[in-house]
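Here is the structure we will look at, set down as structure tokens.
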Amino acid sequence: MLFPRPPSPVCAPRVVITGAGIVTPLGVGWTVNAEGFRTGRRAIGPVSVFSAARQRTQQAGEVVLPTTLPATGLGTRQEQRLDRAARLLLLAAVEAWQQAGWHHDDGGGWRSHLPLVLGTTSAGMGQGEDFFRRTIRAGASRRGQATRIGQYQAPQQARDLMHALDFSGSATFIANACASGANAVGHACELIRSGRSQRVLAGGYDALSELVFAGFDSLQALSLTSCRPFAAKRDGLALGEGAAVMTLESLESAQARGATLLGEIVGYGAATDVHHLTQPHPQGDAALLTMNAACRQAGIQPADIGYLNAHGTGTPLNDGAEALAINRWAGELADRIPVSSTKAGIGHLLGAAGAVETVICLMALGGAWLPPELELGEVDPVCRFPIVQAPTDADFEYALTNSFGFGGANASLVLRRWPT
Amino acid sequence: MNRVYVHGWGAVSPAGWGCGSLVDALNAGVALTTTPTAGPNGAMLPGRRVPTPTPRPAWMAQARLRRSSLISQFTVGAVLEALAQAEAGPAGPIERARLGVVFNVFGGSVIYSRRFFEEVLVNPAQASPLLFPETVFNAPASHLAAVLGSRAPNHTLVSDQSGFLQGLSVAADWLADGNLEACVVVGAEEWDWSVAVAARLFDRASTLGEGAGALVLRRAPGPVELQGLSDPVPYVRATTRRSAAGKVRDQLQLAFPTARFPELRATAVLGDGLAATGAWECAAAVAGVAAGGSAHQGPSALVITGATLQAQGVCFARSGPA
């Protein structure tokens with residue numbers, strides 16, 4: 001039974017990451033992404049997955065999908081039906097699954113009860129758009145319409161992933177706008193910390209879609225130059241697409257099977273900003289709440305954070321509010337905490353952002369470097385903290401990542417390097 | 001302690017605004033009248049729609065709700081009814097800073113999404129910036145948090161008809177963790193022809209409904225106890241909807257041998273409310289358990305069979321001595 005849950009352990013299990021898969025406009029897989037984020041490579045270019053000719057900008061972070069998918073339990077027809085978002089998700093999940101060694105069936109029965117927790121804002125929106133275009137076209141054939149509707153829905157993507165990797169369990173989709181991915185990872189941690197599960201597959205994914213692109217453009221939130229989070233002359237965000245999936249385990253479970261540990265998630269905080277549907281509280285009140293809550297759960301102080309991966313969209317309102325929140329959170333220590341927003345390189349991945357940025361923190365902790373924002377120009381003077389502006393080596397133990405979304409969904413995660 | 005109680009319940013449905021009208025309609029068991037609405041290319045599509053409330057509730061005039069979608073209004077209506085009941089009980093008022101929100105949808109804000117995309121197809125450069133923010137899945141939950149003044153965790157979950165039970169599970173976990181005093185769980189949906197067309201691809205006789213259902217959960221003892229939630233059984237491998245529902249029923253019968261399984265037939269009476277369906281059935285079951293009076297005084301169990309993802313079950317019982 002899912003409820004009542006078993007009594008909570010006296011001491012909450014520690015949550016470790018044993019596998020991580022990542023797909024971003026920088027490429028597919030850990031290696032190419034780690035190198036891209038370490039060097040601050042930018043992967044924003046012309047949109048090709050739909051026509052953006054009539055928009056104010058035609059730039060976004062687009063993934064070049066491989067022509068073939070890795071071998072999984074999906075048949076050829078199932079693979080052919082997969083929406084773009086589902087392909088991004090599958091690529092990231094397979095990488096995480098294999099890195100964790102979960103593809104070796106140890107006979108433990110966990111595959112029949114493996115929770116899946118994913119964040120997304122629009123699931124297979126591209127399929128939904130195609131469905132709608134054909135629906136309103138007089139005389140259009142209904143052939144394929146049921147498949148389009150199926151692939152549009154997040155539940156279908158969960159079932160496809162379960163078929164692909166041969167597991168079953170509860171599937172939870174968190175759609176908290178741009179905080180979805182971070183909330184999904186945080187929720188997965190809670191499942192382990194409460195003793196409900198030993199393992200959880202968690203992450204976030206979103207593909208570029210015309211509706212969402214037009215939506216952000218209608219709000220004049222897209223940059224007409226280049227996305228430069230925390231720059232004094234920033235003028236908006238760039239959209240992107242991608243996915244990140246992690247295999248989370250209790251430390252006990254991971255060590256019992258001799259898994260390689262990539263890092264530990266030690267803190268999670270979530271709060272709601274009720275200031276406005278699309279604008280953050282100008283002083284970043286809810287952001288401050290989540291950073292404090294995440295550090296409190298981690299049992300650390302701001303001084304312990306060696307790198308802060310900001311939400312940093314590049315819009316004037318978000319970055320201003322987040323900068324004030326970081327200043328308030330760090331206090332006099334703000335000038336000693338390096339901050340950057342990796343959205344400068346890949347754009348805003350919406351429902352995938354929080355999960356992708358968690359993996360970036362994992363890479364930075366393990367590789368002992370800080371992800372830079374290049375060609376930033378003059379930094380907004382409100383930032384009392386240093387922005388990482390060049391590839392930098394740094395040995396640090398804790399990283400914090402922020403995700404703030406439409407509707408006031410705010411989340412922060414604290415990660416700890418696993419000692420080697 | 002791990003016990004969770006239901007302190008309030010509310011509903012907005014094609015039967016009207018309020019859980020009473022929902023229960024009356026389900027008890028009568030008669031399918032409500034459908035309203036035909038023009039769809040694309042001259043098609044007329046039936047739907048069971050929520051009637052306009054008379055008089056118009058004062059809360060609808062709040063600034064955050066002035067341009068909000070119907071789904072947001074249904075959500076707020078159901079939750080305020082449930083919350084008023086919860087706070088009138090012996091456990092008293094709920095501290096808003098410790099009131100969590102779990103919002104469940106399947107289609108979400110489909111009216112504004114469809115209208116916005118229609119504008120995009122005509123000319124994306126002139127698509128309305130007023131519409132887009134309301135298309136986001138968590139917009140209704142955001143409005144609800146603003147109306148309630150809740151800064152506590154607030155999750156929007158996307159699932160199918162069974163999603164409401166997943167929401168109950170998340171809320172119960174939050175309460176067990178001890179950080180929240182109470183949590184509202186709401187499932188909501190609004191009718192639009194775009195979804196009606198899609199539903200008919202899978203079932204030509206499908207008639208969609210709309211509305212919301214809500215429960216307020218607390219750890220303090222209340223009139224109804226959430227006794228159990230089954231494990232969800234997803235439709236993967238060889239598991240069909242029918243076999244999944246059977247497995248869920250078996251779990252519930254094993255755990256709660258005296259439970260009865262009331263035939264609520266919400267979809268037949270109110271239309272398929274998608275995410276609202278599970279919420280309606282839970283609200284009606286809780287109302288029935290709380291009212292007592294029937295020959296059966298034991299627990300009531302429900303199996304909610306989702307259309308696309310999974311089946312799950314729940315069991316409610318009238319509270320005994322705390």
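The values are calculated or read from the model by the stated rules, or taken from the named source; none is laboratory data. Just so it is clear, the structure is predicted and the values come from calculations on it, not from any experiment. All Cβ positions, glycine included, derive from the backbone under ideal geometry; neighbour counts span all protein chains shown.
Here's the yes/no breakdown for (1) over 18 Å from the mean Cα position of the chain (by Cα); (2) crowded, with 20+ Cβ neighbours inside 10 Å:
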| position | (1), (2) |
| --- | --- |
| A:Cys295 | yes, yes |
| A:Ile305 | yes, yes |
| A:Leu317 | yes, no |
| A:Ala323 | yes, yes |
| A:Val339 | no, yes |
| A:Lys343 | no, yes |
| A:Gly347 | no, yes |
| A:Val356 | no, yes |
**Q.** Which numbered condition A:Pro25 misses (of (1) within 14 Å of chain B (Cβ to nearest Cβ); (2) modelled with pLDDT of 95 or more; (3) in contact with a helix residue (DSSP H, G or I) (Cβ under 6 Å, 6 or more places away or on another chain); (4) buried (at least 19 other Cβ atoms within 10 Å of the Cβ))
**A.** (1)
Q) What's the number of the condition B:Ile94 fails, among (1) more than 12 Å from chain A (Cβ to nearest Cβ); (2) surrounded by fewer than 19 Cβ atoms within 10 Å (Cβ to Cβ); (3) in a loop (DSSP other than H, G, I, E, B); (4) at pLDDT 95 or above? A) (2)
Q) Quick one: in the stretch A:242-268, which of the residues that are under 20 Å from A:Ala202 (Cα atoms) and without any contact (Cβ under 8 Å) to a residue 60 or more places away in the chain is nearest to the other protein chains (Cβ to nearest Cβ)? A) A:Ser253
(Q) Please pick out the residue among B:Gly306, B:Gly273 that is surrounded by 21 or more Cβ atoms within 10 Å (Cβ to Cβ), under 18 Å from A:Pro155 (Cα atoms), more than 14 Å from every other protein chain (Cβ to nearest Cβ) and small (Gly, Ala, Ser). (A) B:Gly273
Q) Quick check, is B:His143 touching a Lys or Arg at 6+ places or on another chain (Cβ under 8 Å), within 8 Å of chain A (Cβ to nearest Cβ), not in a loop (DSSP other than H, G, I, E, B) and not hydroxyl-bearing (Ser, Thr, Tyr)? A) yes
Q: Report, by residue number, each residue of the stretch A:190-223 that is surrounded by 24 or more Cβ atoms within 10 Å (Cβ to Cβ) and basic (Lys, Arg).
A: A:Arg199
Q) Out of (1) without any contact (Cβ under 8 Å) to a residue 24 or more places away in the chain; (2) assigned to a helix (DSSP H, G or I); (3) more than 9 Å from every other protein chain (Cβ to nearest Cβ), the odd one out for B:Arg204 is which? A) (2)
(Q) Considering only the stretch A:269-284, I want to know if a residue exists there that is within 14 Å of chain B (Cβ to nearest Cβ) and in a helix (DSSP H, G or I). (A) no
Q.
Tell me whether the stretch A:119-142 contains one or more residues that are β-branched (Val, Ile, Thr) and touching a Pro at 6+ places or on another chain (Cβ under 9 Å).
A. yes
Q: Check A:Thr120 against each of (1) buried (at least 22 other Cβ atoms within 10 Å of the Cβ); (2) more than 30 Å from A:Ser253 (Cβ to Cβ); (3) facing chain B (nearest Cβ under 9 Å); (4) not small (Gly, Ala, Ser) and name the one condition it does not meet.
A: (2)
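Here is a yes/no grid of residues against (1) in contact (Cβ under 8 Å) with a residue 40 or more places away in the chain; (2) in contact with a Gly (Cβ under 9 Å, 6 or more places away or on another chain); (3) not small (Gly, Ala, Ser); (4) not in a helix (DSSP H, G or I):
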position	(1), (2), (3), (4)
B:Gly100	yes, no, no, yes
B:Phe103	yes, yes, yes, yes
B:Gly108	yes, no, no, yes
B:Ile111	yes, no, yes, no
Q) For the stretch B:222-322, list the helices (runs of 4 or more DSSP H) that sit wholly inside it and hold at least 1 residues that are within 17 Å of the chain's Cα centre (by Cα) and closer than 19 Å to B:Asn27 by Cα; which are they? A) B:266-270, B:275-291
Q: Please specify each residue of the stretch A:396-412 satisfying the condition of being more than 12 Å from A:His311 (Cβ to Cβ) and part of a strand (DSSP E or B).
A: A:Tyr398, A:Ala399
Q: Can you give me the number of residues within the stretch A:224-237 that are in contact with a strand residue (DSSP E or B) (Cβ under 9 Å, 6 or more places away or on another chain) and surrounded by 22 or more Cβ atoms within 10 Å (Cβ to Cβ)?
A: 6
Q) How do the helices (runs of 4 or more DSSP H) wholly within the stretch A:130-241 filter down when requiring 2 or more residues that are more than 10 Å from chain B (Cβ to nearest Cβ): which remain? A) A:154-165, A:180-193
Q: Report whether or not A:His311 is under 14 Å from A:Asn410 (Cα atoms), more than 14 Å from chain B (Cβ to nearest Cβ) and of a type outside the set (A, V, I, L, M, F, W, C).
A: yes
